Structure formats: structure tokens, C-alpha cells
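Working notes, beginning with the structure itself.
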Amino acid sequence: MAHWLKHSITAQAIKSADLKVRDTVESTLADIEARGDAAIRDLAIKFDKMDRDSYRLSSAEIDACYSQLTKRDIADIEFAQTQVRNFAKHQRASIQDIEVETLPGVILGHKNVPMNAAGCYVPGGKYPLLASAHMSVITAKVAGVPRIITCAPPFNGKPAHAIVAAQHMAGADEIYCLGGIQAIGAMAIGTETITPVDIIVGPGNAFVAEAKRQLYGRVGIDLFAGPTETLVIADESVDGELCATDLLGQAEHGPDSPAILLTTSESLARDTMAQIERLLKILPTADIARQAWENYGQVIVADSDEEMLQIANDLAYEHVQVMTKDPDWFLQHMRNYGALFLGPRTNVAFGDKAIGTNHTLPTKKAARYTGGLWVGKFLKTCTYQKVTTDEASALIGSYCSRLCALEGFAGHGEQANIRVRRYGKKHVPYAGIVE
């Protein structure tokens, strides 16, 4: 039976915080709906500390951001974007249009049609997270989306030069310096100067995630990507320093980022907790990481791999790093996770920054029903049908007629009946409008 060496704050405390976020987002989106650009500007001044006539960056501003990067910086961004693009292309190649003749004269198919416009949010208030530009813009480009706009908050009072360059290099058509609720609202609702999009993608803080949730239906969204979640599954084959490093490496995302160690070794659990305390004394981002660890960190000791599997599937965490003697066993058996990182040679940071898989992943148990952002999120799988012979039309029509009669749908039934009368060799009785 598993036992906890460390608990996070209570579920009730988390729920209370969520309710405050929900109310703030609702009123802010209503203001954007009512006042458009004026509301965006007021919010940008208040939260982004930036006052401009237009929040869309000009070509000159984009060039100025490039000028602040070294050749090495640009080459590194190009490397990461190449990895993301390569994997996205393989994903796109796996998505096939189909057309099949299911009965003689009955042709059914589907086409994978790109959306017309995508809005990509790139978080960057605390850290300039340029990797999110690769993950969203490039993936949308590979899917074939013709219009892609991006929003990222300013960093230290001005456009984050690395984010701007990454957005441009990835292929963004419009780049805006906006953060938070106002960015999501502007892209989804639209204003006098910003044409709304069809889907909003990208990770963000609790306010960004809640804004996407409230706007879902008006626009599509990729998934609910709130504060970063990390689960490290480990046994005695690794040491506490490695586990502690990987937990704190993700806890630094924000003060509400959960990080959990799940292990079958109590000695590893205690070593990891001691190593965390040591690292928090020297980690430059310790102020944020400590808040996350103290309030949301957990340490769970299980009796077996099977029990760890059950707990991990119940948690349904965003990032799941497996450092056990047989990590492939978890690959074969785990069902609920955003992304798996298998073995001590890989880690979540690789996935976040450079390896090529997408880092926009489900949080708050959404991994029970969705995976992360991928090319398919920007495609609509749209079906079509074609009946090419009189015999096929009459055959399907006779079945459709009788089924409509069972449901009492006379108008539907007559759509079938008229085909039977025109194309069929034999009259098919129908208890509807026309016999």
C-alpha cells in the first residue's frame, strides 16, 4: 500500500484559487467583447506595462529583435525548429485521406482539411519561452494553415527578442506583443484591428488556460494546458540527485507547478528530498521552485511497479519521466499521460526545448482523453459520400426509408423515398407522405 512522505496543499485550496481565476477571466473577456481594441490597450498597460497604438510588431521591430541575437543563438533556434519540423512532417505523412467503395456504387471518404487561421500563444512573462513558438507555429505550418498569428507578452518591458525571432523564423504571419487574457481574447474574439482565428493553441498560466476554456466553442482549442505538471517514476537504479534535478527543473516554471516523485524505494525518496533542499540553496530560480515544491510537491512510496502504474494512471500527469530498470514496461502499460520520457538519458527539458516532440501537453487530468498538440489538431477530418449507380441509391434509400419511419421522421423518409421512386426498379412501400 502506497504511503506519502510529502503531501501537496489541499484540493479545496486549489479549487478556491481556481474560482478566483474563473471570475477574473469571465469579466475580462466580457470587457474585450464590449470594447475591443480599447480594452486590449487598457489591459496591456495594466498587466504588460506596455502602451502602444498597435500591438502588432512591424518589420523593423522584428529586425531589431534579430539584431540582438548572436549567430550561435540563431543556429540553436534553427536546430530546435528543424527537429520539431521533421517530427511534424512525419506526423502529417501518417494522416491519410481515404476513399473506399463500401458497397457497389457507394463511395465514402474523408479529407483532412487545414483550418483557415490559428492563434498561437507563446508564454514569456517570467522567462522568454521561445520554444513554444516552434511547437505551435511550425506544427500549424506543416498542417497547411494559411494564416498564423502569435501573441507573446513583453519581457522586461519590451518585446522579447528571442521569442520574436523564433516566431518569425517559424513562419508566423502576424506577431503581436500581448500577454495573458488579453492575448487570448484578442485572438479568439477579435477587435477592430485583429481578425479572429479558428483555433487557439499554446501553453500558459492559469489565466491563459481558463480563458481558453471559456472561449472553447467560439473557437477551437488544442487542449487545457495550465501550469506544468511533472511526475518522476523511479526506482533504486537511479539516485536522488538525478530525481531532484528533474523535479526542480520543471517546478521552476511557476509557483503552482506540481512535481511528484513516485518510487518503490524509500531510501531514494528520502535521498531525493534531501537533494532538493540542497539544490534549492543554489538554484538561481529557487524562489519560484521552492514555492512550487512546498505547496504542490509530493513524494509517494509504492510497493511495486504495478502500484506505481495505477497511481500514475490515476494522476494522468502532463510529463511523466520514467527512470526504472525497465522503462519500456511503463511505455507498454501506461494509458494516461501527456508525454513519456523513458530512461535516465532523456528528460523533460529535452522535450521542452530541442528533441522534436511537442511540449504543449494536457494538464489537470486532461490526459485521460487527449494527447498533446500535434499536426492533427490543425486539421479537420471531413467526410463525404457519393452514390454512383441507380441500384445503390435505391438500395440505401429503402433501408433509410424504413429506419426513418421507425423514428417518425417523415421529411427524412421522403428524401429516401424520392430516390427509391426515381432510381429503383421496384416500388418500396413507405408509411410517410407518399406511398
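The values are calculated or read from the model by the stated rules, or taken from the named source; none is laboratory data. The structure displayed is predicted, hence computed values, not measured ones. Here Cβ is always computed from backbone atoms with ideal geometry, including for glycine, and neighbour counts include all displayed protein chains. Just so you know, the surface numbers come from the protein's heavy atoms only, side chains and all, with ligands and any DNA or RNA stripped out. Shrake-Rupley method; radii C 1.70, N 1.55, O 1.52, S 1.80 Å.
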Pairing a residue in the range 264-275 that is open to solvent by 60 Å² or more (accessible area, probe 1.4 Å) with any residue that is modelled with pLDDT under 95, where Cβ atoms lie under 8 Å and the two sit 6 or more apart in sequence or on different chains, gives 266/5; 270/5
In this structure, is residue 364 closer than 30 Å to residue 204 by Cβ, surrounded by 15 or more Cβ atoms within 10 Å (Cβ to Cβ), touching an Asp or Glu at 6+ places or on another chain (Cβ under 9 Å) and modelled with pLDDT of 95 or more?
-> no
Please enumerate the residues belonging to the range 139-153 that are in contact with a strand residue (DSSP E or B) (Cβ under 6 Å, 6 or more places away or on another chain) and open to solvent by 10 Å² or more (accessible area, probe 1.4 Å).
-> 144, 147
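Condition check ((1) modelled with pLDDT under 95; (2) closer than 20 Å to residue 208 by Cα; (3) under 24 Å from the mean Cα position of the chain (by Cα); (4) not acidic (Asp, Glu)) across all residues:
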residue	(1), (2), (3), (4)
1	yes, no, no, yes
36	no, yes, no, yes
41	no, yes, no, yes
45	no, yes, no, yes
58	no, no, no, yes
69	no, no, no, yes
75	no, no, no, yes
79	no, no, yes, yes
82	no, no, yes, yes
Among (1) within 30 Å of residue 76 (Cβ to Cβ); (2) touching a helix residue (DSSP H, G or I) at 6+ places or on another chain (Cβ under 8 Å), residue 345 falls short only on (2)
Subset of the range 273-303 [farther than 14 Å from residue 4 by Cβ and of a type in the set (Val, Ile, Thr)] | 276, 282, 285, 288
So is residue 25 closer than 30 Å to residue 300 by Cα and part of a helix (DSSP H, G or I) or not?
-> no
Top-ranked residue in the range 291-311 [being without any contact (Cβ under 8 Å) to a residue 40 or more places away in the chain and of a type outside the set (S, T, N, Q); ranked as least open to solvent (accessible area, probe 1.4 Å)] = 309
Please work out which one of (1) farther than 30 Å from residue 304 by Cα; (2) small (Gly, Ala, Ser); (3) assigned to a helix (DSSP H, G or I) is the condition residue 220 fails and give its number.
-> (3)
Counted residues, the range 367-389 - those being more than 30 Å from residue 200 (Cβ to Cβ) and in contact with a Lys or Arg (Cβ under 8 Å, 6 or more places away or on another chain) | 0
Please enumerate the residues belonging to the range 312-325 that are over 23 Å from the mean Cα position of the chain (by Cα) and either of a type in the set (Phe, Trp, Tyr) or surrounded by 14 or more Cβ atoms within 10 Å (Cβ to Cβ) (or both).
-> 323, 324
Would you check if residue 40 is out of contact with any strand residue (DSSP E or B) (no Cβ under 8 Å at 6 or more places or on another chain), open to solvent by less than 50 Å² (accessible area, probe 1.4 Å), under 14 Å from residue 207 (Cβ atoms) and not polar (S, T, N, Q)?
-> no
Limited to the range 115-142, what total is found for residues that are over 14 Å from residue 222 (Cα atoms) and in contact with a helix residue (DSSP H, G or I) (Cβ under 9 Å, 6 or more places away or on another chain)?
-> 13
Residue set 234, 244, 206; condition open to solvent by 10 Å² or more (accessible area, probe 1.4 Å) and either at pLDDT below 95 or farther than 26 Å from residue 48 by Cα (or both); output residue 206
For residues that are in a helix (DSSP H, G or I) and either in contact with a strand residue (DSSP E or B) (Cβ under 6 Å, 6 or more places away or on another chain) or under 20 Å from residue 145 (Cβ atoms) (or both), tally how many sit in the range 172-207.
-> 6
Subset of the range 166-183, residues buried (at least 24 other Cβ atoms within 10 Å of the Cβ), closer than 25 Å to residue 85 by Cα and aliphatic (A, V, I, L, M), comes to 166, 170, 172, 175
Residue set 282, 288; condition surrounded by fewer than 16 Cβ atoms within 10 Å (Cβ to Cβ), among the β-branched types (Val, Ile, Thr) and over 29 Å from residue 305 (Cβ atoms); output residue 282
Is there any pair linking a residue in the range 190-208 that is within 17 Å of residue 140 (Cβ to Cβ) to one that is open to solvent by 30 Å² or more (accessible area, probe 1.4 Å) and polar (S, T, N, Q), with Cβ under 6 Å and at least six apart or on different chains, and which?
-> 198/116
Among the residues of the range 147-157, is any part of a loop (DSSP other than H, G, I, E, B), of a type in the set (Phe, Trp, Tyr), modelled with pLDDT under 95 and farther than 23 Å from residue 92 by Cα?
-> no
